[in-house]
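See structure below.
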Amino acid sequence: MAIIIKSKEERERIRETGRIVAAVLAELRSAVRPGITTGDLDRLAAEALQRYGAKSSSLGYHGYPGHLCTSVNDEVVHGIPGKRVLQEGDIISLDLAANYQGWHADAAITIGVGEISPELKRLLKVTEDALYRGIAAARAGNRLLDISRAIQQFVESAGFSLVRQWGGHGVGRSMHEDPQVLNYVEPGLPNPALRPGMVLAIEPMVNMGGKETRVLPDRWTVVTADHSYSAHFEHTVAITEGDAEILTL
C-alpha cells in the first residue's frame, strides 16, 4: 500500500478543487426536480465545470461516459446519466469528482425529488450522519478501520446495511489512491495508522434492505440485489494534527 502524504500546500490545492466540486453540486441540487433527466444534470455539471476551469475526473475513466454519476432509487453508485426522467418521490445520488490544475477532489450527495417518504428521509439522514461519524473518527493517532467502525456501528444500529464491494479511497494527483476506505470492519482488512497529510474520500453507501449488490449489463451501474433504495454521501477530507478538515465545502 503506497499512501501519499500531502504537504500543506498540496492540501490547499486539493481544497481549491474541492470548492469547485461543492459549488457544482450545489447548482445540481437546486436543479433536481420532477421531469428533469439525468442527462440534463450531466450537461449542467459539464457546463459548470467548464465555467470554473475544471474537468470531470470520471469522464473517460476506464471508458466511463458521464461527467458525474447519477444513481436513482435502487442504484447504489456509478449510474450513467441519460434519458431517465426523475419522478416525484425518487431519490438521486450525485457523485462528482473534478480535476483542477492536476489535483482531484470527490464528493457525493443524495437528494429527494420533490416530496419523498418519511422512510427515505430517514435513509438520507442516517447516511449523511454516518459520513460525519466517519469524519469525526478520521484523526491522527486513530487507524483506518476506526473510520469504518464508526460508520458501520451507526448505520447498522439504525437498521440499515452497508455496501461491501465499494467504498472510499485516497485522493490527490489521481482520483483513486491508496488506501481504500471501507465502510465496514472484518478481520484481516488493512488498518494503517492515520497520519497528518493523508487525504481521503469517505463515502458511506447505505441500503434500506440487504447489503448485496450487482452490476447491470452496462458494466457500470451498481444496484441493490433486492431492489431496496440506497443513499450515498461523500466528502474529501484531510487528516491534520486535530480534527479532519473537509476539503469539499
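The values are calculated or read from the model by the stated rules, or taken from the named source; none is laboratory data. Fair warning: this is a prediction, and the values are worked out from it, not measured in the lab. No Cβ is skipped: glycine too gets one built from the backbone with ideal geometry, and neighbour counts run over all protein chains shown.
Collect the residues in region 192-216 that are outside any loop (DSSP other than H, G, I, E, B) and within 21 Å of Glu119 (Cα to Cα), keeping them in residue-number order. Let's see the steps before the verdict.
The initial filter retains those residues of region 192-216 that are outside any loop (DSSP other than H, G, I, E, B), namely 193, 199-202, 205-207, 213-215.
Passing the criteria: Met205, Val206, Asn207, Thr213.
Looking at this structure, is Leu189 hydrophobic (A, V, I, L, M, F, W, C) and either buried (at least 21 other Cβ atoms within 10 Å of the Cβ) or in a strand (DSSP E or B) (or both)? Steps first, answer last, please.
Numbers: hydrophobic (A, V, I, L, M, F, W, C): yes; either buried (at least 21 other Cβ atoms within 10 Å of the Cβ) or in a strand (DSSP E or B) (or both): no.
When the stated conditions are applied, Leu189 does not pass them.
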Practice task
Test each condition in (1) in contact with a helix residue (DSSP H, G or I) (Cβ under 7 Å, 6 or more places away or on another chain); (2) crowded, with 20+ Cβ neighbours inside 10 Å; (3) in contact (Cβ under 8 Å) with a residue 40 or more places away in the chain for Val163 and report the one that comes out false.
Solution key: (1)
Exercise for the section: Say whether the condition of being touching a strand residue (DSSP E or B) at 6+ places or on another chain (Cβ under 6 Å), surrounded by 13 or more Cβ atoms within 10 Å (Cβ to Cβ) and not in a helix (DSSP H, G or I) is met by at least one residue in region 37-50. Expected result: yes
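Would you check which residues across region 151-160 are part of a helix (DSSP H, G or I) and crowded, with 22+ Cβ neighbours inside 10 Å and list them? Even if it seems obvious, please write down each step before you answer.
Residues of region 151-160 part of a helix (DSSP H, G or I): 151-157.
Within region 151-160, Ile151, Gln152, Val155 qualify.
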Fill in the blank from the handout: Subset of region 92-133, residues under 13 Å from the mean Cα position of the chain (by Cα) and free of Cβ contacts under 8 Å to residues at least 12 places away in the same chain, comes to Tyr132
Handout entry: Inter-residue pairs, beta-carbon under 9 Å, first under 11 Å from Leu49 (Cα atoms) and in region 10-22, second aromatic (Phe, Trp, Tyr) and crowded, with 21+ Cβ neighbours inside 10 Å, 6+ apart
Key = Thr17/Tyr100; Thr17/Trp103; Ile20/Tyr100; Val21/Tyr100
Practice task
Enumerate the pairs (first residue in region 30-41 and on the phi < 0 side of the Ramachandran plot and basic (Lys, Arg); second residue anywhere and crowded, with 18+ Cβ neighbours inside 10 Å and modelled with pLDDT of 95 or more) with beta-carbon separation below 8 Å, excluding pairs fewer than 6 apart on the same chain, so at least 6 apart or on different chains.
Solution key: Arg33/Leu86; Arg33/Val113
Practice task
Report, by residue number, each residue of region 85-110 that is surrounded by fewer than 20 Cβ atoms within 10 Å (Cβ to Cβ) and either at pLDDT below 95 or not small (Gly, Ala, Ser) (or both).
Solution key: Val85, Gln87, Glu88, Asp90, Gln101
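Being part of a strand (DSSP E or B), in contact with a strand residue (DSSP E or B) (Cβ under 9 Å, 6 or more places away or on another chain), of a type in the set (D, E, K, R) and surrounded by fewer than 22 Cβ atoms within 10 Å (Cβ to Cβ) is the requirement here; does Asp178 meet it?
Details: part of a strand (DSSP E or B): yes; in contact with a strand residue (DSSP E or B) (Cβ under 9 Å, 6 or more places away or on another chain): yes; of a type in the set (D, E, K, R): yes; surrounded by fewer than 22 Cβ atoms within 10 Å (Cβ to Cβ): yes.
So Asp178 fits the description; yes.
Checking the condition within 29 Å of Trp103 (Cβ to Cβ) and either in contact with a Lys or Arg (Cβ under 8 Å, 6 or more places away or on another chain) or basic (Lys, Arg) (or both), which residue from Gly167, Gly197 passes?
Details: Gly167 fails: either in contact with a Lys or Arg (Cβ under 8 Å, 6 or more places away or on another chain) or basic (Lys, Arg) (or both).
Residue meeting the stated conditions: Gly197.
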Fill in the blank from the handout: Of the residues in region 11-28 that are more than 14 Å from Leu249 (Cβ to Cβ) and in contact with a strand residue (DSSP E or B) (Cβ under 7 Å, 6 or more places away or on another chain), the one that is surrounded by the most Cβ atoms within 10 Å (Cβ to Cβ) is Leu28
